[in-house]
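**Q** First the structure, which I've put down as structure tokens, then a few questions once you've had a look.
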Amino acid sequence: MSGEVVVVWCLFALQAAATLFAYSRLPPGAFYNVDEAGDLAGGLGRTLVLFNYPIALGAIAVAAVVGGPRALVTVAIVLCALTAVPGVVDQGDLDARWINSLPAAGVAIALALTAAAARHGIVFARRARGDRLRLALAATLLVLALPWLAANAGYFFPGDVFMGEERPATRDPALAAVHLGFHHGLGGVLLALTALALSRLPTTRALAAYLSLMLAYGLANAFEDGWNEQLWKRGTVDAKVPGVLRPELSWGWLAIGTGAALVYALWFRPGRQR
């Protein structure tokens, strides 16, 4: 099994642990659109929703990469894909519901498939086309994600480089510029890093296309969240970037589709990785 898959699971685990810690420790009023927090049950519930978005979207690619019994791989992918069904994850109500257990079960199956594959050893790909670009993109994303990483653990990022706990005078003055808890921009970073890691491996055309879409989607959500928090809320720009969390007929999704096509054709397409 590839070491890149292990790295991806470590990223998933770190975000889940930070989410559990924050939502178990702080009251519901500290977070965005949750009514249950401040104890272990609340923390576990919000972590369950995290397994739906963004982790289930990444676990689809992981299940396809590690393989195993075809029936189990298919079940894992189908269950994880349920997170894209409208209403499974409600941005306006992020408390756990029974339906959230289904994508989470898909993630669990993908993890079991990974554990089975790991029995045969773990190795990293030696070299892949575009590794320098991968490293540059990953480093940039991690730097930009610093305020989100702190917020996901339940803390405001210190200093004046990023807007952390400041309350914008004219833009959403009721909330800190970077509210505590999970941010979809951080979800975008996680999905982009997942795509960058798994694209180092030999893939099918379908998987390469999915990873290309995942990278474009992750970058778009990170850009939108970062732009609105760090520029629009400062008053530096007047234009607010519209959200692109769910597929729709919009300029944002046209950009995501175009970007995914370019990533596939110029970078991730099988035969171009090496």
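The values are calculated or read from the model by the stated rules, or taken from the named source; none is laboratory data. Just so you know, these numbers come straight off a predicted model, no measurement behind them. Using ideal geometry, Cβ is built from the backbone for each residue, glycine included, and neighbour counts are taken over all protein chains shown.
**Q** Can you name the number of the only condition in (1) loosely packed, with under 15 Cβ neighbours inside 10 Å; (2) within 24 Å of the chain's Cα centre (by Cα); (3) outside the structural domain of residue 44 (by TED's automatic domain parsing) that residue 165 fails?
**A** (1) is the only condition that residue 165 fails.
**Q** What is the number of the single condition among (1) part of a loop (DSSP other than H, G, I, E, B); (2) touching a helix residue (DSSP H, G or I) at 6+ places or on another chain (Cβ under 6 Å) that residue 121 does not meet?
**A** It is condition (2) that residue 121 fails.
**Q** Going through region 10-52 one residue at a time, which ones are of a type in the set (A, V, I, L, M, F, W, C), farther than 23 Å from residue 84 by Cα and touching a Pro at 6+ places or on another chain (Cβ under 6 Å)?
**A** 37
**Q** Give 53, 23 a once-over and let me know the one that is touching a residue at least 40 places away in the same chain (Cβ under 8 Å), of a type outside the set (Lys, Arg), in a helix (DSSP H, G or I) and in contact with a Lys or Arg (Cβ under 8 Å, 6 or more places away or on another chain). Even if it seems obvious, please write down each step before you answer.
**A** Numbers: 53 fails: in contact with a Lys or Arg (Cβ under 8 Å, 6 or more places away or on another chain).
From the options 53, 23, the qualifying one is 23.
**Q** Among all residue pairs at least 6 apart or on different chains, which show Cβ distances below 8 Å where the first residue, located in region 177-204, is part of a loop (DSSP other than H, G, I, E, B) and the second is among the basic types (Lys, Arg) and modelled with pLDDT of 95 or more?
**A** If the second residue must be among the basic types (Lys, Arg) and modelled with pLDDT of 95 or more, the pairs left are 181/46; 182/46; 199/134; 200/134.
**Q** Between a first residue in region 113-129 that is assigned by TED's automatic domain parsing to the domain that holds residue 208 and at pLDDT below 85 and a second residue that is exposed (fewer than 15 other Cβ atoms within 10 Å of the Cβ) and β-branched (Val, Ile, Thr), which pairs have beta carbons less than 7 Å apart while being 6 or more apart in sequence or on different chains?
**A** Matching pairs, first to second residue: none at all.
**Q** Could you list, in sequence order, all residues of region 231-272 that are part of a loop (DSSP other than H, G, I, E, B) and within 30 Å of residue 82 (Cβ to Cβ)? Show your work before the answer.
**A** Filtering region 231-272 down to residues part of a loop (DSSP other than H, G, I, E, B) leaves 233-250, 269-272.
The answer is 241, 242, 243, 244, 245, 246, 247, 248, 249, 250, 269, 270.
**Q** Can I ask one more? When you scan region 196-239, how many residues do you find that are under 20 Å from residue 164 (Cβ atoms) and exposed (fewer than 15 other Cβ atoms within 10 Å of the Cβ)?
**A** 3
**Q** Would you point out which residue out of 110, 96, 151 is buried (at least 18 other Cβ atoms within 10 Å of the Cβ) and either over 24 Å from residue 197 (Cβ atoms) or not hydrophobic (A, V, I, L, M, F, W, C) (or both)? Steps first, please.
**A** Values: 110 fails: either over 24 Å from residue 197 (Cβ atoms) or not hydrophobic (A, V, I, L, M, F, W, C) (or both); 151 fails: either over 24 Å from residue 197 (Cβ atoms) or not hydrophobic (A, V, I, L, M, F, W, C) (or both).
Residue meeting the stated conditions: 96.
**Q** Okay, next question. For region 67-83, what are the residues that are at pLDDT below 95 and surrounded by 16 or more Cβ atoms within 10 Å (Cβ to Cβ)?
**A** 68
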